[in-house]
1. What number of residues within the range 564-585 are over 19 Å from Ile307 (Cβ atoms) and touching a residue at least 12 places away in the same chain (Cβ under 8 Å)?
2. Quick check: anything in the range 240-263 crowded, with 24+ Cβ neighbours inside 10 Å, more than 19 Å from His312 (Cβ to Cβ) and touching a Phe, Trp or Tyr at 6+ places or on another chain (Cβ under 9 Å)?
3. Can you tell me which residue within the range 178-220, out of those that are aliphatic (A, V, I, L, M) and more than 22 Å from the chain's Cα centre (by Cα), is surrounded by the most Cβ atoms within 10 Å (Cβ to Cβ)?
4. For the range 550-568, what are the residues that are outside any loop (DSSP other than H, G, I, E, B) and surrounded by fewer than 19 Cβ atoms within 10 Å (Cβ to Cβ)?
5. Would you confirm whether or not the range 357-365 contains a residue that is more than 25 Å from the chain's Cα centre (by Cα) and of a type in the set (Phe, Trp, Tyr)?
6. Of these, Pro505, Pro477, Pro486, Pro521, which one is in contact with a Leu (Cβ under 6 Å, 6 or more places away or on another chain) and surrounded by fewer than 24 Cβ atoms within 10 Å (Cβ to Cβ)?
7. Which residue is surrounded by the most Cβ atoms within 10 Å (Cβ to Cβ), if the candidates are limited to the range 152-177 and must be modelled with pLDDT of 85 or more and polar (S, T, N, Q)?
8. Name the residues in the range 273-286 that are surrounded by fewer than 20 Cβ atoms within 10 Å (Cβ to Cβ) and either modelled with pLDDT of 90 or more or farther than 16 Å from His490 by Cβ (or both), would you?
Amino acid sequence: MLRKVVTLLSAVLMVIGGLYVSNALEFLGIHITIVPYCALILMLVLVLVFLIFPAKGGPGKEKLPWYDIALITMSVCGSGYITFFPGRWEPLLVRGTTTLFEVILCLMLVIAILEATRRTVNLSMALIASFFLIHLVFGSHFPGIFLTFDFTLERIAGIFYLRAEGIFGTPVEIACTIVLAFMLFSAILQNSEAGRSILDGAFALTGRWKGGPAKAAILGSAALGTMVGATAANIATTGSITIPLMKKTGYSPVFAGGVEAVASNGGQIMPPVMGAVAFLIAELLSMPYWSVCVAAFLPAALYFLAIFVQVHFEAVRLGLRGLPPEELPSFGKVFKEGWYYLIPVLLLVYLLAKLHLPVQHCGFYASMAAMLIVIINWQRKKETRKGVKGLVVWFIACLETAARALLVPAVACASAGIIIGSLDSSGLGFRLSSILVDASGGSLFLLLVLTAIASFILGMGMTSIPCYLVLVILVAPALVHLGVVPIAAHLFVFYWGLISFLTPPVAVAAYVACGISGGHPMRTGFIAMRLGVVKYIVPFLFVYSPSLLLMGPIGKITIALITGIIGVTILSIGLEGFLLKPITVLERLLFIVGGSLALIPADKSWEIMAAGITLSIMSWEIMAAGIILSTLAVYLHVKSARGAALQV
C-alpha cells in the first residue's frame with residue numbers, strides 16, 4: 001500500500017511540475033504564482049521523503065511510524081498554507097508582520113525541512129542550517145561574533161516563511177523548475193536503452209586500445225555522469241559493467257575501482273549539465289547558461305585527460321591489451337541503432353545556445369523529445385513493441401524515478417533557503433567573508449587554501465547540488481570580496497567540495513566502487529586521488545588565470561590551452577612512473593615538477609624551466625630506449641649470423 005502511495009504522489013508531483021514548467025497551466029486558464037507553486041512542490045517532496053526514507057537509515061519502510069505521520073502533517077500544514085491561502089499571508093508580507101499562527105506554521109515547516117535534510121542529504125547540512133536558524137534567536141547576545149540585532153519570533157517567521165530570501169527563495173525556485181525539468185530528462189534516458197547505448201559506443205571506440213575497458217569507463221562515466229549528478233549512482237550504473245571488464249583485461253581491483261570512482265566523480269564537473277549545477281551557477285550569477293558551459297569545459301577536459309594518460313601508461317606498463325574484436329560492439333552498429341538518442345541532447349543545446357529559451361522550458365522540451373524518441377524506437381520493432389498499458393507503466397516509472405531524484409536537491413535547496421535568509425538578515429554572511437579574508441592576511445593564495453579546506457570539510461558526503469549550494473553561500477563570497485572572478489570562485493568551491501568523494505578517509509566513491517571491484521577501499525581512494533590530481537590543482541590555476549576558463553584575449557586562451565594539455569600530460573607521466581620504460585624516482589619527481597611548472601599561469605620563466613626539465617628527461621628516456629633497442633638489434637643480428645655459420 002505504501003509503495004503505491006509513493007508512486008501516486010511521485011506521478012502527481014512530476015505532472016504538476018511539468019504542467020507549470022511548460023506553461024500548460026496558463027494555457028488551461030489556471031494562474032498560479034511561483035511561491036505557491038514552489039510551496040506545493042516542496043510539500044509533495046517532504047511527504048515523499050518521510051514516506052520513503054526511514055529515520056535511522058536502512059531498507060525502505062513497510063509502515064509509517066507515528067513520528068513520520070506527525071512530520072508529514074507538519075509538512076502539509078506548513079507548505080499548504082503558502083499554497084492554498086495566499087490571500088491571508090500576502091497582506092502580511094506587504095505590512096512586514098506575522099502573527100502567532102504564521103510563527104507556528106513556520107516552525108513546523110522548518111522542523112520538517114531539517115529532519116528531511118538529515119535523512120536525504122546528511123547530518124552536517126542539517127546541523128549547519130540549524131545553526132543559522134538558532135543564531136538569529138540567540139545571536140543578539142553575542143554581538144561581537146554574530147553582528148545581529150534583536151530578532152523576535154514573528155520577525156524570524158517573516159524572514160524564513162514569507163520573504164523572497166527565505167525558504168521559498170531562489171534555490172527552491174530553481175529546484176522546482178529547472179532541476180525538476182532536468183530530473184525528468186535524466187529519468188527518461190535512464191529508463192531507456194540510452195545509457196547502454198552510450199556505454200556500447202564508448203567500448204566500440206576504445207575497447208580495442210591498450211586498457212580499453214578503463215578508457216571506455218572514462219568516456220562512458222563522463223557522458224552519463226553529467227546527467228546523473230551523483231557520483232555513487234553513476235558508479236553503480238556504469239561500474240557494474242566497466243569494473244569487471246577492467247579486471248578481466250588485467251587491471252588490479254583497486255586500480256579498476258579507482259578509475260571508475262574518479263571518472264564518475266568527474267561527470268559532475270563536465271558540461272553541458274554538470275549534474276544540474278550548471279543551471280544553478282547561471283541563475284545565481286545571472287549569466288547565460290552557455291557561458292557557464294564554456295567556462296567549465298577546459299578544466300573538466302584537463303581532468304579527464306590526466307585520467308586517460310595515467311590509464312594508458314598503466315596499461316603499457318602492465319603489458320595489457322584491449323578486448324578481442326568479437327567481444328566488442330561495432331561502432332557503426334551502435335551508432336545506427338542509437339544515434340537518435342543524441343537528438344534530445346542536440347535539441348537541448350540548440351534551444352539553450354541558439355534560441356536562448358528559459359532553461360526550464362529547454363529541459364522540458366528535451367524531456368518530451370526524449371520520451372517521443374524512446375517510444376517511437378520501441379514501437380518500430382516487433383520484439384520491443386509495447387501496448388498502451390506497457391507505455392503507461394513505463395511513463396509512471398519515469399515519473400517516479402524523476403521524483404525520487406528530485407528529493408535530495410529540493411530538500412537541500414530548502415535548507416539553503418534557511419541559511420541564506422539567516423545570512424542576509426543578520427549580516428553574518430559579510431562577517432564570515434571578513435573572517436576568512438582577515439585570516440588570510442589579504443593573501444589570495446592563503447585565502448584559497450583556507451577556502452579549499454573549508455570546502456572539503458563542508459562538502460563531505462554531499463551530492464553535487466547540496467554541496468554547491470552550501471559552499472557558494474558560505475565561502476565563495478570571500479573569494480569574490482578579494483577580487484576573484486565570480487564564476488572562478490563558484491567553480492573553485494564546487495571542485496573542492498567534490499574532492500572528499502575521492503580523498504581518504506571519506507572517499508565515498510572509493511567505497512562504492514570497492515563494493516563492485518572487491519578491492520581495498522583506502523588503497524582505491526589513494527589511487528583515485530592520484531588519477532584525479534587535476535581536480536586538486538586546476539581550481540587554483542583558473543583563479544589566477546581566467547584564461548583557463550576560456551575568458552579573455554584569444555592569445556592568452558590559446559597559450560593556456562596548449563600549456564594546460566602539455567602540463568597535465570607531463571604531470572600524469574610523472575605520477576604514473578612510466579614513459580617508454582619504468583622511470584626512476586628522481587625522473588618521476590622531475591616530471592612532476594616540470595608538469596606543475598608548465599601549468600603555472602602568466603609567467604614565461606616557469607614555462608621555460610618546465611620545458612627544459614621535461615625535454616631533458618624525455619630526451620634521456622628516448623636515448624636510453626634507443627641504446628637498448630640498438631643493443632638488442634645487434635644481439636639478434638650476431639645471433640642470426642652465428643646460426644647461419646653453424647648451418648654452413
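The values are calculated or read from the model by the stated rules, or taken from the named source; none is laboratory data. Everything quoted here is computed from the prediction, not taken from an experiment. Neighbour counts are summed over all protein chains in view; Cβ atoms, including those assigned to glycine, are modelled from backbone coordinates with ideal geometry.
1. 4
2. Quick first cut of the range 240-263, residues crowded, with 24+ Cβ neighbours inside 10 Å only: 242-243, 246, 251, 255-263.
Now drop any that are not more than 19 Å from His312 (Cβ to Cβ), which leaves none.
No - not one qualifying residue is present in the range 240-263.
3. Quick first cut of the range 178-220, residues aliphatic (A, V, I, L, M) only: 178-181, 183-184, 187-189, 194, 198-199, 202, 204-205, 214, 216-219.
Filter again for more than 22 Å from the chain's Cα centre (by Cα), leaving 204-205.
Values: Ala204: 19, Leu205: 17.
Once the filter is applied, the top-ranked residue is Ala204.
4. Our first condition is that a residue be outside any loop (DSSP other than H, G, I, E, B); within the range 550-568, this holds for 554-568.
Selection gives Ile554, Gly555, Lys556, Ile557, Thr558, Ile559, Leu561, Ile562, Ile565, Ile566.
5. From the range 357-365, those more than 25 Å from the chain's Cα centre (by Cα) are none; that's our starting set.
The answer is no; no qualifying residue exists.
6. Going through Pro505, Pro477, Pro486, Pro521 in turn, just one is in contact with a Leu (Cβ under 6 Å, 6 or more places away or on another chain) and surrounded by fewer than 24 Cβ atoms within 10 Å (Cβ to Cβ): Pro486.
7. If we take residues in the range 152-177 being modelled with pLDDT of 85 or more and polar (S, T, N, Q), then Thr177 is surrounded by the most Cβ atoms within 10 Å (Cβ to Cβ).
8. So the first thing to find is which residues in the range 273-286 are surrounded by fewer than 20 Cβ atoms within 10 Å (Cβ to Cβ), and the list is 283-286.
Leu285 - this is the single residue of the range 273-286 that is surrounded by fewer than 20 Cβ atoms within 10 Å (Cβ to Cβ) and either modelled with pLDDT of 90 or more or farther than 16 Å from His490 by Cβ (or both).
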